[in-house]
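Here is the structure we will look at, set down as structure tokens.
The values are calculated or read from the model by the stated rules, or taken from the named source; none is laboratory data. Treat the numbers as computed from the prediction; the structure is a model and nothing was measured. In this analysis, Cβ positions are derived from the backbone assuming ideal geometry, glycine residues included, and neighbour counts consider all displayed protein chains.
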Amino acid sequence: MTVVLYNSLTRKKEPFVPIKKDHAGLYTCGPTVYHYAHIGNLRSYIFEDVLKRVLTLDGYTVKHVMNITDVGHLTSDADEGEDKVEREAKKEGKTAYGVADFYTRAFLNDLQRLNIIKPDVMPKATATIAEQIDFVKKLEKKGYTYETSDGVYFDTSKVHDYGKLVRLDAQQLRPGSRIALGEKKNPTDFAVWKFSKHPGERAMEWESPWGVGFPGWHLECSVMSMIHLGETFDLHCGGIDHMPVHHTNEIAQSEAVTGKPFVNYWLHGEFLVIDEKRMGKSEGNFVTLGELEKRGFSPLAYRYMVLGAHYRTKLNFTFEALAGAQHALDKLYRYAQDFGKPSIGCAEYEEKFLEAVHNDLDTPKGLALLWDLVKSDYPAGAKKASMVYIDKVLGLGFAEVEPPVVPKEVSKLVAQRENARKKKDWAASDALRKEIAQLGFTVEDIREGAIEMHKLREM
Ligand code: AMP
Ligand code: ZN
């Protein structure tokens, strides 16, 4: 089955055709490590994880690269303000490298708790400075850059299709618009190299042909993706906030250097919102995964909640909705436990599930099908097998759920009850059923006439 994906670049759903047969190169913009990730950021990483799991299930060897932005992300997208990591270091009384290291570890821990498969490569911006300087040199040689008093800028007017990702109107972009230009030639021009204001003050700064400084945030992603995935690669993802500036600039500078298309499929996830407002660090309305746990929720309940909305629709976060997700997920775990050992799966549900997720990652439909499956008439082992299969995409941990261990005395009573039923001694059978129930187990007569034991719980 071919996965069909909504490509932001063409604004169409398109079948995925890889550059190299059976291989998929995937770049996902990673965290700026100056704070804990909030659950809005994590929503984006969950959708990207689903994409990767679908491709993997389809037999692709996925090479997944995610950068760690440990330098160069300024407090404003307009190349103004302080470096986020440096600012946090001052606030916390730590070194910039100490801050980046601490929050990188915290981030990896978040990924693990959410069952997000770790990327194959996680390059750090500070570890690729030489390559970034080389990239700027190439841009300079081709005439795309100019210097101002605070950095080396990319001249966006030199790119005929600048802004194609978001269909920016050329009129809005050129001088004369209301955006303060400063020394920039065009409002959309952006820094590829920033000068240190006072060399020696920053912990993270490097010599370059243009002066001591540090790379621009957009540059990092172009350079790190190309190092690991080549000049043109298959898939690039992020949240929708990255479309107008960050990804637009990545495309402009990358295609300027190589003269080739940068990425074939761009995928963008919608926001997690609270009361219609985007969850964000600067919005001050953010919640971390650790906070959800402190309130008694499991990280996978959050994953379940995220899967319940299509990645291209806004998802409103409330604790009530999360409680609903937790309840539903607990119920699914009980089913998984009760179904016991997997046998041969139900092809009907597995196929329908695959169809849903191959249609632009329709996980809400996938979850609905999962519920249909667990409530269906198929034998328990078949349902368990399909739950485990489907979980390769959902990543909710159904494979790890153990069947209940039935104590010997309970098994003995069950055998006695079987005998009573064979003799049609309904009174004895009923009495035994009650005795079994007192030990915390129920006995269910399932379709094939076999007896299965289910740990007694509320369903
Ligand atoms: P950042 O660390 O700000 O670069 O963000 C990391 C990822 O989270 C990016 O892909 C952003 O687009 C994404 N993101 C930021 N805020 C939200 C939100 N409220 N909902 C979903 N994704 C978000
Ligand atoms: Zn990026």
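Tabulated data for the structure shown
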quantity	calculated
Contacts under 7 angstrom Cβ, first residue in region 262-284 being free of Cβ contacts under 8 Å to residues at least 12 places away in the same chain and over 30 Å from residue 19 (Cβ atoms), partner of a type outside the set (A, V, I, L, M) and not in a strand (DSSP E or B), 6 or more apart	277/283; 277/285
Residue pairs meeting the criteria (Cβ under 8 Å; at least 6 apart or on separate chains; first without any contact (Cβ under 8 Å) to a residue 40 or more places away in the chain, in region 115-127; second not acidic (Asp, Glu))	118/108; 118/111; 118/112
Yes/no for residue 337 being part of a helix (DSSP H, G or I) and either touching a Ser or Thr at 6+ places or on another chain (Cβ under 7 Å) or modelled with pLDDT of 95 or more (or both)	no
Residue check for residue 283: of a type in the set (D, E, K, R) and in a loop (DSSP other than H, G, I, E, B)	yes
Some residue of region 384-392 being among the acidic types (Asp, Glu) and under 21 Å from the mean Cα position of the chain (by Cα)	yes
Any hit, region 23-40, residues being in a helix (DSSP H, G or I), away from ligand 2 (no atom under 16 Å from the Cβ) and surrounded by fewer than 21 Cβ atoms within 10 Å (Cβ to Cβ)	no
Subset tally (residues that are crowded, with 19+ Cβ neighbours inside 10 Å and either closer than 23 Å to residue 43 by Cα or β-branched (Val, Ile, Thr) (or both)) for region 368-386	3
Among (1) modelled with pLDDT of 95 or more; (2) more than 24 Å from residue 308 (Cβ to Cβ); (3) more than 14 Å from ligand 2 (Cβ to nearest atom), the one test that residue 67 misses	(3)
Test: residue in region 210-222 that is part of a loop (DSSP other than H, G, I, E, B) and either under 19 Å from residue 68 (Cβ atoms) or within 16 Å of ligand 2 (Cβ to nearest atom) (or both)	yes
Selected residue (criterion: nearest to ligand 1 (Cβ to nearest atom)) from residues of region 203-227 that are buried (at least 17 other Cβ atoms within 10 Å of the Cβ) and among the charged types (D, E, K, R)	220
Qualifying residues in region 41-65 (those that are in contact with a Ser or Thr (Cβ under 9 Å, 6 or more places away or on another chain) and not in a helix (DSSP H, G or I)) - the one farthest from ligand 1 (Cβ to nearest atom)	58
Residue check, residue 324 surrounded by 14 or more Cβ atoms within 10 Å (Cβ to Cβ), over 30 Å from residue 12 (Cβ atoms) and not hydrophobic (A, V, I, L, M, F, W, C)	yes
Considering residues of region 282-307 that are farther than 22 Å from residue 399 by Cβ and in contact with a strand residue (DSSP E or B) (Cβ under 9 Å, 6 or more places away or on another chain) only, the residue surrounded by the fewest Cβ atoms within 10 Å (Cβ to Cβ)	283
Positions within region 254-279 being near ligand 1 (Cβ under 8 Å from one of its atoms) and touching a Lys or Arg at 6+ places or on another chain (Cβ under 6 Å), in sequence order	270, 271, 272, 273
Extreme residue, surrounded by the most Cβ atoms within 10 Å (Cβ to Cβ), among residues of region 228-244 that are of a type in the set (A, V, I, L, M, F, W, C) and within 11 Å of ligand 1 (Cβ to nearest atom)	237
Enumerated helices (runs of 4 or more DSSP H) restricted to region 361-459, each holding at least 3 residues that are modelled with pLDDT of 95 or more and touching a Cys at 6+ places or on another chain (Cβ under 9 Å)	380-394
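Table: residues versus (1) under 27 Å from residue 316 (Cβ atoms); (2) within 19 Å of the chain's Cα centre (by Cα).
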site	(1), (2)
3	no, yes
9	no, no
20	no, no
35	yes, yes
41	yes, yes
60	no, yes
64	no, yes
85	no, no
